[in-house]
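Engineer: I have a structure here, written as structure tokens, and I will follow up with some questions on it.
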Amino acid sequence: MLALAAAFVFALALLFDLADLSSGSVGVQTLVVLGLLLLALEMAGVGPARRAAWPRRRRR
């Protein structure tokens, strides 16, 4: 989930950069740093737990 948020922030940073926009203290560099922080949190395992992709079988 955090990786999707990071992708959105990076896309927003790209649009800001292409349009040469900055909103006060929030510029392209701030958005890039925020995106990197979100990716680092995702890689560290912070956020909702993921379920295993394979079904677990009960032992008999």
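The values are calculated or read from the model by the stated rules, or taken from the named source; none is laboratory data. A quick note: this is a predicted structure, and the numbers were derived from the prediction, not measured. Note that each Cβ is placed from the backbone with ideal geometry, even for glycine, and that neighbours are counted across all protein chains shown. Surface areas here come from the heavy atoms of the whole protein model, side chains and all, with no ligands, DNA or RNA. Shrake-Rupley method; radii C 1.70, N 1.55, O 1.52, S 1.80 Å.
Engineer: Only one of (1) open to solvent by 80 Å² or more (accessible area, probe 1.4 Å); (2) modelled with pLDDT under 90; (3) of a type in the set (A, V, I, L, M, F, W, C) fails for residue 52. Which number is that?
Structural biologist: All conditions are met except number (1).
Engineer: Another question, then. Using beta carbons and a limit of 9 Å, which pairs, at least six apart or on different chains, have the first residue in the stretch 1-22 and more than 14 Å from residue 40 (Cβ to Cβ) and the second one open to solvent by 50 Å² or more (accessible area, probe 1.4 Å) and outside any helix (DSSP H, G or I)?
Structural biologist: Here the result reads 1/48; 15/21; 16/22; 16/23; 16/26, each pair linking the stretch 1-22 to a residue that is open to solvent by 50 Å² or more (accessible area, probe 1.4 Å) and outside any helix (DSSP H, G or I).
Engineer: Looking only at the stretch 19-41, filter to residues that are part of a loop (DSSP other than H, G, I, E, B) and surrounded by 13 or more Cβ atoms within 10 Å (Cβ to Cβ); which one of those is modelled with the highest pLDDT?
Structural biologist: 27
Engineer: Determine which member of the set 16, 8 is modelled with pLDDT of 90 or more, part of a helix (DSSP H, G or I) and not acidic (Asp, Glu).
Structural biologist: It is 8.
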